[in-house]
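Inspection log for the structure reproduced underneath, given as structure tokens.
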Amino acid sequence: MVTTQQAIPFLDLKRVNAAHDASIRAAISRVLDSGWYILGNEVSCFEQEFAAYCEVKHCIGVADGLDALHLILRAYGIGDGDEVIVPSNTFIATWLAVSQAGAQPVPVEPDEATHNLDPACIEAAITARTKAIMPVHLYGQPADMAPILEIARRHGLKVIEDAAQAHGARYLGRRTGGLGDAAGFSFYPGKNLGALGDGGAITTNDDALAARLRMLRNYGSSIKYHHEVAGVNSRLDEIQAAVLRAKLPALDAENAARRRLAAAYFEALQDAPVLLPKAVAGAESVWHLMVVRTDRRADLQAALSRAEIGHMVHYPIACHAQQAYAHQTWPDLPIAERLQGQLLSLPIAPYMTEQEVSRIADVVKTALR
């Protein structure tokens with residue numbers, strides 16, 4: 001039976017961008033009028049503005065979030081024979097960045113309460129070949145960075161934040177993107193700060209790293225037709241940079257709206273038979289995703305579908321279980337495997353209302369009672 005109430009999509013990008021329609025159109029027209037479409041004023045200005053927003057010295061715009069992480073590893077000289085500690089519970093781009101650099105991803109299990117990398121499990125995974133730790137600020141919640149940084153400094157390791165889902169989040173008062181040695185961001189359209197196509201950026205306070213990254217992203221060149229290193233073509237284009245500039249001023253307000261909706265979810269689901277992520281101490285999430293956990297996921301999915309409420313699974317197959325990594329032998333990773341069978345993402349977006357959250361919560365409670 002189909003509900004007579006209005007459908008609630010998982011994410012409506014037209015509604016997300018409608019709030020910025022005039023400024024986005026003006027931004028695109030500005031680029032068209034300029035006649036300059038690659039590494040021009042829009043990229044330069046966005047890099048300055050996003051660096052200031054993240055409270056860091058440098059931002060380097062690149063083609064996407066995967067390239068951001070991969071290029072950080074390359075710029076640090078991390079590659080063949082090296083190991084990088086990654087969460088077992090994450091989107092595969094975290095692992096692929098390590099693999100593309102020629103290094104080996106070493107999975108560490110998450111804290112089941114937060115779903116983020118468990119600092120207590122990191123040290124046992126460190127070997128003589130370990131060069132970096134790559135924590136992910138999953139679902140918009142910062143990883144527990146203080147103990148991760150302490151472990152890294154003690155062992156002489158780089159800390160590379162995967163901040164693809166955490167634009168604007170804070171940990172102990174500081175923005176993600178400025179917590180480790182460098183960070184990779186994605187501006188995929190569905191992100192809290194989303195472009196109208198692919199886009200990414202790297203943030204860092206390391207002057208030498210920033211200079212090397214600017215060369216690497218542009219064919220290894222800092223002077224036209226002079227190629228100092230074997231680089232790649234991974235450049236944030238002018239139109240996407242202009243769109244991001246148009247949307248950046250509203251990011252904090254939109255993140256605040258997400259936090260209000262998250263609070264409404266927690267209130268409405270406090271007695272429901274689902275588990276919600278526990279907050280990391282000192283962290284301020286930006287709630288890129290609202291993820292619940294249940295052993296009856298199929299029942300809940302069916303009920304939400306009947307009620308025309310969008311939902312997704314982030315992520316249905318753990319990275320080590322993907323065919324892309326089937327050629328390798330992995331340790332037992334029971335937490336990641338358990339989570340992949342229990343997690344379900346509910347709608348959360350700045351344009352939503354608390355009444356919609358209440359309706360979604362009612363469906364959840366009815367389906368699982």
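Here are the numbers for this structure:
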{"quantity": "Contact order relative to length of the chain, as percent, for alpha carbon pairs under 8 angstrom and 6 or more apart", "calculated": "23"}
{"quantity": "Cα centroid of the stretch 154-203 to Cα centroid of the stretch 215-277, whole Å", "calculated": "7"}
{"quantity": "Rg/Rh (Cα only; Kirkwood hydrodynamic radius) as it applies to the stretch 291-369", "calculated": "1.09"}
{"quantity": "Mean separation of Cα contacts under 8 Å, 6 or more apart, over the residue count of the stretch 45-182: relative contact order %", "calculated": "22"}
{"quantity": "Cα centroid separation, the stretch 302-327 to the stretch 128-152 (Å)", "calculated": "25"}
{"quantity": "Segments 269-278, 184-193 sorted - mean Cβ within 10 Å per residue, highest first", "calculated": "184-193, 269-278"}
{"quantity": "Built amide H within the under 5 Å cut-off of I8, gap 5+", "calculated": "I309, G310"}
{"quantity": "Accessible area (Å², per residue) of the chain, counting only protein heavy atoms and a probe of 1.4 Å", "calculated": "42"}
{"quantity": "Candidates V292, V108, V232: whichever shows maximal mean-square fluctuation once the chain is modelled as a Gaussian network with Cα springs under 10 Å", "calculated": "V232"}
{"quantity": "Cα-centre dipole for the chain with unit charges at Cβ (Lys and Arg positive, Asp and Glu negative), debye to 20", "calculated": "380"}
{"quantity": "The stretch 99-185 - charge dipole about Cα centre, Lys and Arg +1 at Cβ, Asp and Glu -1, debye rounded to 20", "calculated": "420"}
{"quantity": "Within the stretch 218-247, trypsin sites (Lys or Arg not before Pro) in DSSP loop having at most 12 other beta-carbon neighbours inside 10 Å", "calculated": "K224"}
{"quantity": "Carbon and sulfur %, accessible surface of the chain computed with the full protein complex present, 1.4 Å", "calculated": "53"}
{"quantity": "Cα gyration tensor of the stretch 1-40 - equivalent ellipsoid semi-axes, whole Å, descending", "calculated": "37, 10, 6"}
{"quantity": "Convex hull volume per residue in cubic angstrom - Cα atoms of the stretch 2-155", "calculated": "184"}
{"quantity": "The stretch 227-369: C-alpha gyration tensor shape, a/c 1.5 cut-off, then a/b vs b/c", "calculated": "oblate"}
{"quantity": "C-alpha center-to-center spacing [the stretch 330-361, the stretch 92-106] in angstrom", "calculated": "25"}
{"quantity": "More than 18 angstrom apart: percent of Cα pairs within the stretch 188-279", "calculated": "65"}
{"quantity": "Estimated D of the chain in µm² per second, where Rh is the Kirkwood radius over Cα pairs and Stokes-Einstein applies at 4 °C, 1.567 mPa s", "calculated": "61"}
{"quantity": "For the chain, with +1 on Lys and Arg beta carbons and -1 on Asp and Glu, the positive-most of A166, G61, N41 along the dipole", "calculated": "N41"}
{"quantity": "Under DSSP loop assignment and at most 16 Cβ neighbours within 10 Å, longest GluC sites (Glu not before Pro)-free interval of the chain", "calculated": "113-227"}
{"quantity": "Gain in span if fully extended, A263 to E55, counting 0.36 nm per residue against the direct Cα distance", "calculated": "72.2 nm"}
{"quantity": "Proximal charge balance of D118 [Cβ under 13 Å; K/R count +1, D/E count -1]", "calculated": "-4"}
{"quantity": "Theoretical gain in end-to-end length, R174 to Y225 [0.36 nm per residue, Cα-Cα removed]", "calculated": "14.4 nm"}
{"quantity": "The stretch 281-369: chymotrypsin sites (Phe, Trp or Tyr not before Pro) falling in loop per DSSP and having at most 15 other Cβ within 10 Å", "calculated": "Y351"}
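The values are calculated or read from the model by the stated rules, or taken from the named source; none is laboratory data. Just so it is clear, the model here is predicted, and its values are computed rather than measured. For neighbour counting, all protein chains shown are included, and Cβ atoms are generated from backbone atoms with ideal geometry for every residue, glycine included. Each accessible area value is taken on the protein alone, full model and side chains, heavy atoms only, with ligands, DNA and RNA left out. Shrake-Rupley method; radii C 1.70, N 1.55, O 1.52, S 1.80 Å.
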